[in-house]
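Reviewing the structure listed below.
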Amino acid sequence: MNRAQQLVASLREKRDTSIIRAQEAEKKIEENKRLLKEKTDEALKLQQRLEYSRSFMTLAKQWEATQKRLRVVEEKAARLGPKVEHLEYETDQLQERYNESRKQEKKLLEDLASLEI
């Protein structure tokens with residue numbers, strides 16, 4: 001029976017070793033799950049940062065284009081400024097002449113009415 005006892009003892013030892021290995025493997029699986037979740041979360045954060053960076057780059061390009069268009073408009077306004085001022089001056093002169101003409105017309109109509117023709 002000594003041999004049978006040795007065989008049983010050997011099987012028990014193998015069983016115990018297998019149980020320990022299985023427990024260690026389960027711990028390793030849990031650790032790997034945790035590490036995978038951390039890496040996944042990190043990857044998601046990096047992906048979000050990349051999307052934000054791309055959005056920022058797009059906005060920066062749009063801002064730059066807007067600034068460029070604004071400079072063009074400001075330059076055009078600066079070139080047209082004196083012309084506009086001159087046209088406003090001419091408009092004022094013409095308005096004064098028109099008003100003076102209306103006054104003369106009114107006076108002439110009054111003079112005509114006083115003649116009673």
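Bear in mind these aren't lab numbers, they're just calculated from the coordinates by the rules spelled out. Bear in mind that the values here come from a model prediction, so they are computed numbers and not experimental data. No Cβ is skipped: glycine too gets one built from the backbone with ideal geometry, and neighbour counts run over all protein chains shown.
Only Lys, Arg, Asp and Glu carry charge here, each on its Cβ (+1 for the first two, -1 for the last two); on that basis the chain has a dipole of about 1780 debye about its Cα centre. Extension gain, Leu112 to Gln95, is 3.6 nm, computed as 0.36 nm per intervening residue step minus the present C-alpha separation. In the chain, the DSSP-assigned H stretches of four residues or longer account for a calculated mean residue ellipticity at 222 nm of -37500 deg cm²/dmol, using -39500 (n - 2.57) per stretch and the full residue count as denominator. Here's the picture: charge each Lys and Arg Cβ at +1 and each Asp and Glu Cβ at -1 in the stretch 1-65, and of Leu7, Leu46, Met57 the one pushed furthest to the positive end of that dipole is Leu7.
Dipole of the chain (Lys/Arg Cβ +1, Asp/Glu Cβ -1, origin at the Cα centre): which of Gln67, Val84, Leu35 lies farthest to the positive side? Checked the options; the winner is Leu35. Given the choices (i) 17.0; (ii) 9.9; (iii) 11.8, mean projected area of the Cα convex hull in nm² derived from the coordinates of this structure is entry (i). Roughly what would the spin-label model give for Arg3 and Gln67, points 7 Å off Cα along C-beta, in nm? For the pair Arg3/Gln67, the computed spacing is 9.3 nm. At each listed q (0.17 Å⁻¹), what is the log10 of I(q)/I(0) that the Debye formula gives for the stretch 1-70 modelled as equal alpha-carbon point scatterers? Evaluating at q = 0.17 Å⁻¹ gives log10 I(q)/I(0) of -0.79. Candidate cross-link partners of Lys27 among the lysines, defined by an alpha-carbon separation under 30 Å and a same-chain spacing of 8 or more, comprise Lys14, Lys37, Lys39, Lys45. When the chain is treated as a Gaussian network with alpha carbon springs shorter than 10 Å, the biggest mean-square fluctuation among Thr58, Thr40, Thr17 belongs to Thr17.
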